[in-house]
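Bear in mind that the values in this text are calculations on the coordinates, not laboratory data. From a predicted model like this one, the values you see are computed outputs, not experimental measurements. Neighbour counts run over all protein chains shown; Cβ positions are idealised from the backbone, glycine included.
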Ligand SMILES: [Ca+2]
Ligand SMILES: [Ca+2]
Ligand SMILES: [Ca+2]
Ligand SMILES: [Zn+2]
């Protein structure tokens, strides 16, 4: 979750990207194209060719694909049926067999098998515009070396990689200059000499760096819990000791300690009598379990990746470390300095926020910069807050332990903590990856208004409650949004998700529409 207020130096100054562009919303069709309904089964999606043909026929009629072979350019990568019977398909674009970065399209079929909507952001790329005919002049190893050199120039000699670097050849449409590049995409992910996770787009023809951005998702965070409360934990007995290891949820939840060092995951927490006194460890473990249960009970989702991915947490990271983060493989919590923060795992909304970054990575995979990045932060806040459902605040249980009543962020009133609550007040500078922790306030406020109701900027919203609002936002994230979705696309997607779940003229769809209007979208 990284809080902008305590942004570590590694996140400042290294970002190359300019302000948010004001591109129009992705095209969405509201017309239903009547097609035969080739489905017999309601449970699960029949993966027959008739279904796929429906999708390709529809997309082939879109202007962008009139002169190209839609089946060779688009591959269906995910199929999902929601509880309303609406079928959701996610497709990725390839040109000459090379994936196009971020180019995803979703298509949705209603219960009758007709296309009800389509949302996507496929860049306008002509096949002849692919540099060097799609042939790389440097190797993937070269690209990894170039990225490593850049990271070393910023933070010094790098420690061991947390995730073994890979380099994937992609076609990349760079929004900043409108050019199309053949690139290797690779990541540097280290903890030493400082935590760093940077994504690089390396020109595969000449080895230059086309673009890069930092994507570590810090949170904040803080067991007997951090607040002195008593809670039950699922643990594992091994011989005469107990381990902070829950094997009942997905492929497990395991909680470690870094012993105030910086190697991950550190040491698995153990206890001789199963009465746990490491408060930060207790809360990290219990809050990860509560987050797992929320996703399972509300959405029947099995963990971060939907397939039970092991949840690993490390507490006591660093010394007086005022932050927490998801690093693509696990979540990490500092102890705080006792003034700005206490142990960061101590707030359920913080743990929920961090783990939701993981869910996002495996679903819409919203790019962590500019508007898609602010959507990423907003969804992490919205789910984190809703998992706890105690108030409309974020980080209130662990922020400034000596000052009661404050928080890191507020969904009901983002301006209390320096965030905008309407689109016209958005931040357009380059700090914080284009204001990902700032502009998230606009979407947070829209969610608050949809759930709770209220009048904002002269628009009155009748609230539908958190239970319904979170179902709509979950479907939006999992079924509709794509890596480069901006706020306008999020509005369209959320309204469509509400119509799917509750009906086209439902009070729920109206509430969502009004909520976005109220924040100027
Ligand atoms: Ca004990
Ligand atoms: Ca809280
Ligand atoms: Ca406080
Ligand atoms: Zn975050």
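At-a-glance table
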quantity: Sorted by Cβ neighbour density within 10 Å, fewest at the top, the residues 295, 447; calculated: 295, 447
quantity: Listed peptides 166-174, 500-508 by packing density, highest first (mean Cβ within 10 Å); calculated: 166-174, 500-508
quantity: Three-way shape call for the range 255-295 based on the alpha-carbon gyration tensor, with the a/c threshold at 1.5; calculated: oblate
quantity: Descending principal axes extents, the chain, alpha-carbon based, whole Å; calculated: 66, 56, 50
quantity: The range 161-268: C-alpha gyration tensor shape, a/c 1.5 cut-off, then a/b vs b/c; calculated: prolate
quantity: Separation between Cα centres of the range 78-148 and the range 150-176, rounded to whole Å; calculated: 22 Å
quantity: Alpha carbon centroid spacing (whole Å) that separates the range 351-381 from the range 455-509; calculated: 17 Å
quantity: Rg/Rh for the range 219-359, where both radii come from Cα atoms and Rh is the Kirkwood radius; calculated: 0.94
quantity: Mean-position separation - Cα centroids, the range 255-293 and the range 195-212, in angstrom; calculated: 36 Å
quantity: Helix-only mean residue ellipticity at 222 nm for the chain, each DSSP H run of n ≥ 4 adding -39500 (n - 2.57), per residue, nearest 500; calculated: -9000 deg cm²/dmol
quantity: Fewest-first sequence of 366, 393 by Cβ atoms within 10 Å of each Cβ; calculated: 393, 366
